[in-house]
Every structure is written in C-alpha cells, then in structure tokens.
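Below: one structure, written as structure tokens.
The values are calculated or read from the model by the stated rules, or taken from the named source; none is laboratory data. Predicted, not measured: the structure shown is a model, and the values here were computed from it. Quick reminder, even Gly has a Cβ in these numbers, built from the backbone with ideal geometry, and neighbours come from all protein chains shown. Side chains included, ligands, DNA and RNA excluded: accessible areas come from the protein's heavy atoms. Shrake-Rupley method; radii C 1.70, N 1.55, O 1.52, S 1.80 Å.
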Amino acid sequence: MSGRRDGQARKDLQCTADALAFQKRYAADLKRRVVERGEPFVVAQADTPHEIFHSMEIPLITNQWWSAYISAKQLSKPYFEKMRERGYPDNGCRYCSLGLACTLANDPATAPWGGLPKPTMLVARLTCDCIQYVFGQWAEALGTEFFALEAPAWRRKDPRWFESSNDRWEEVFESERIGLLVEEMHALIARLQEKTGRVFSESRLTVLMDRINEQERYIAEAAGIIGATRPCPVSILDQVPNTMIPQWHRGSDWAVAHARRFRDEVVARTKAGAAVSGNERIRLMWIGAGLWHDQGFYNALETDLGAVFVWSMYMPFAGPQYIRALHGKPLHALASRICSMNEVLHLPPWMNGWMVSEAQRCGIDAAVILVPPDSRLSQSGINITRLSLEESGVPTLLLDADMVDAQGWSRDVIVKHMAEFLRNAGLG
Ligand code: SF4
C-alpha cells in the first residue's frame, strides 16, 4: 500500500470515511440551525470546556476545526493577504487567526458557509499573549462578545503527569488552578443562560462526563494497540479524524459509539495483520498540530523509505488528558481536564516528559517537530523536547512550516529534506 496517485491523503479505515461524513452532515445541519433558524451557537478554542456547551445543548464550532477546514480548502493564502492589506503584520500567528482573517476578508463567495454567522459568544483561554487580541478583534468584527478564561501558571513540574492525571488530578493540576476555572465556568454558565435561555444542569454534566470517560477509554485502548503493533496497522491519517471528530462531540451517543467502532476496527486490522505500509522500516513521530493544508505529505515517505507516521498527539492524548475519575465533583474534574490542555502539549517539562515516554512506548525511530514560524505558544517547548528526544536516542528534525498557512510550503522540497535527515541519522 502507498500514497494515492493524486497525492491526496490515503485513509484506510471505513470508520474514517463515516466520521468525515458525520462532520460534514453536522456542519450542514449547524448552518441550517444557525443561519436559517437563528439558533444560538458558540465559537470556542479547543482548550475550553466544551462540555458546558454540550450539556446546555448549545451548538459549538471549535476555532481550530474551523481554521483547519478553511486551510484544507486552500483559502489561507487569499485571507492572509486580506489581513496584510488591512495593515496586520506579516508575522502574525496563523492557527487561531485564520477564522478572523476569513471574517475580515468578508467574501461570502469563497468563504465556507458564505462566512461565519454571528455567534452568541466567543470563548478562549488566555494561553498566549496574542489570543486576547485575536478573539477581541474577531468578536468586534462579528458583533458579539468574547468571554476570556484565565490560564494561570502551573507550579507542579512533574514530567510524568500522565501517570496520575486520570485519578489524582487535584494534586497533578493543582487545586487552586482548578478552583479558579470552576469559578469562571460558573460565570460562563450564568452568561450563557442569560443570553440563550438554556439551563445548565450539573446532573446532566455528570452523565456526560461518564459517557466521555467511556469514549476516551476506547480511544486509549486503540492507542495502546497501535503503539505496540509492528508493522503499524493504522496511520495518523486515520487516527486523527477518528479521535478528533468524536472529541468535538464528546459524550454524545454518536461519539461514544464511533470511538467503540474505531477501537473494534483497529483490533480487527491488527488481528488480520493489516499494515499502513508493507515496507515499514522507520517509525515516525509527528509532533505539533496537523498539517491541514497538505495531509498527503504523511504518506509521501512510505514507499521509497518505508517511513511511516505512526504517532501524532491527538489519539494518545485521549487517555491521560481526558479520562477523569469524577470523585463526586464533575465541574472540578472538567476543570482539571481543561486547565492544562495546552500546557502539557507545548510547555516543558510536561511536553518533553510525555513525548519521550510516548516515543519509547511506540518504538519510534525518528521524530519530526512542526515549527510554525509565528506561533509563539507552539514554539515554547520545542528545543527542550528535541534535546530530550535526542538524549533518549530519537533523532529529531525541526520543520519550519505552518499548520494552516500553505504559503512557502513545497511537499517535494520537504520530502527531500526529510529523506536527507533520515539518511544522515543512519535510518534511510
Ligand atoms: S500564538 Fe498560537 S495559540 Fe496564540 S493566538 Fe497565535 S496561533 Fe493561537
């Protein structure tokens, strides 16, 4: 098996096609509900308490999904040009601001859905210096409000946070940080009830949190099997949509059933000895957000070099970051899930601690870290993570490229660069 002739990304699992079809239907239905029926909806960052919106039945658009959606439609270039024309700096970060760029471009003819309708609210954690300006200006452009959540510093420097995060979360994520986010969530709930008339129920949240635990356990089981199996039965191109689309709908009947189905398809493929590449010689780790504008890149090294991307953060993150024993405190358990979501993925010692552990668990031969030129948060832990991986015996390549902005990206150039790196590392 190898990359598709048309260079598009190859996906091997039936449940992947079904998950993508489900998201397409959801998006079309959401458009009808929001644009035609004027229903309330929220636009929020990925690291915010989506469970609050789900439990109040308020539809949600995740900014990172919207940004990836626009990027996959190859629209990032014209929209960032519009930003430049409006005087925004060339080196503005991209991932969180592509939605803003689309709104400011105000071009219904090209924009997905004819452009985003007015949301009830925008919600984001203040995880970097830029986010308050991106969301503040976006809220102004959309004529809505921005509800900001704090991102307090985390003093407990435990590089093996993932070994006790499911149960001892009060200790791992610090009760003060959790307490602050619970207070903020109460304020968010009050504001949402005021604006939408929808009512929050802690008992409904508890049911949702239990369902989410069930969902994440299926994903964690699949991650365990895939990491331990050679050759790799399921590539990151199938892992990501089967993890993240259910994640955007976590705890719903569809999401729990789909996660179980994904787990079952992984088990079946493993039993059948199915492989991403019959030529697997190098197991690669992709560190960073997905390359949304060129997913086919992930297949490009399978044939010539037998290099297979077996790991990206999305699927293995489900276990340590989402599963929470509730201890009778669903809002606190939820706060512990959210209050370090970005920190563990982008900041040392939590990022490198987890990445090295995952590289060892999955028998990784080499790692590639995406370095988005202007995304400050995504760069924070990169050098320490590269050093930690190399000290643990995993050659690591830093790749200067953006996850959504395709300007300056050339797959051929990068594939040659990767091949040279792998050869120099004695792997190619
Ligand atoms: S620096 Fe990164 S996290 Fe911050 S607003 Fe920009 S893209 Fe988003």
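Observations, loosely collected:
- Solvent-accessible area per residue in the chain equals 38 Å², computed with a 1.4 angstrom probe and all protein chains kept.
- For the chain: relative contact order, % (alpha-carbon pairs under 8 angstrom, 6 or more apart): 21 percent
- HN-Hα J in Hz across region 102-118 - Karplus 6.51, -1.76, 1.60, θ = phi - 60°, x for Gly and Pro: 5, 5, 5, 5, 6, 10, x, 4, 9, 5, x, 6, x, x, 6, x, 6
- Potential extension, K24-W254 segment - 0.36 nm per residue separation minus Cα distance: 81.4 nm
- With a cut-off of 14 Å between beta carbons, the residues surrounding P395 carry a summed charge of -1, where Lys and Arg count +1 and Asp and Glu -1.
- Per-selection Rg to Rh, region 91-203 - Cα, Kirkwood hydrodynamic radius: 1.06
- Cα centroid separation - region 392-428 against region 311-367, whole Å: 25 Å
- Under the shape rule built on the C-alpha gyration tensor, where the axes satisfy a ≥ b ≥ c, region 288-428 is prolate, since a/c reaches at least 1.5 and a/b is greater than b/c.
- Taking a straight Cα-Cα cut-off under 15 Å and skipping sequence neighbours fewer than 8 places away in the same chain, the aspartates and glutamates within cross-link reach of K195 are E39, E57, E145.
- Cα gyration tensor category, rounded, prolate or oblate, for region 85-130 with a/c compared to 1.5: oblate
- Of the cross-linked pairs K11/K118; K73/K416; K157/K329, those separated by over 27 Å at the C-alpha level are K11/K118.
- Accessible surface of region 345-395 [probe 1.4 Å, protein heavy atoms]: carbon and sulfur percent: 52 percent
- Angstrom value of the Kirkwood radius, inverse mean 1/r, which spans all Cα pairs in the chain: 22.1 Å
- Gained length - L387 relative to H417, 0.36 nm times residue gap less alpha-carbon distance: 8.8 nm
- 13 Å beta-carbon shell around W409, net charge (K/R +1, D/E -1): -2
- Top of A272, A46, A259 by mean-square fluctuation, Gaussian network on the chain, Cα under 10 Å: A272
- What a 1.4 Å probe finds exposed on region 111-178 is 48% carbon and sulfur by accessible area, rounded to a whole percent.
- Based on alpha-carbon atoms, the Kirkwood radius and the radius of gyration of region 145-216 give Rg/Rh equal to 1.03.
- Nonpolar atom fraction for region 212-306, defined as the carbon and sulfur part of the 1.4 Å probe accessible area, stands at 54 percent.
- Residues whose placed amide H lies under 5 Å from that of L398, excluding near-sequence neighbours: I369
- Here region 14-424 carries DSSP beta bridges of which approximately 0% are antiparallel, counting only pairs with both residues inside.
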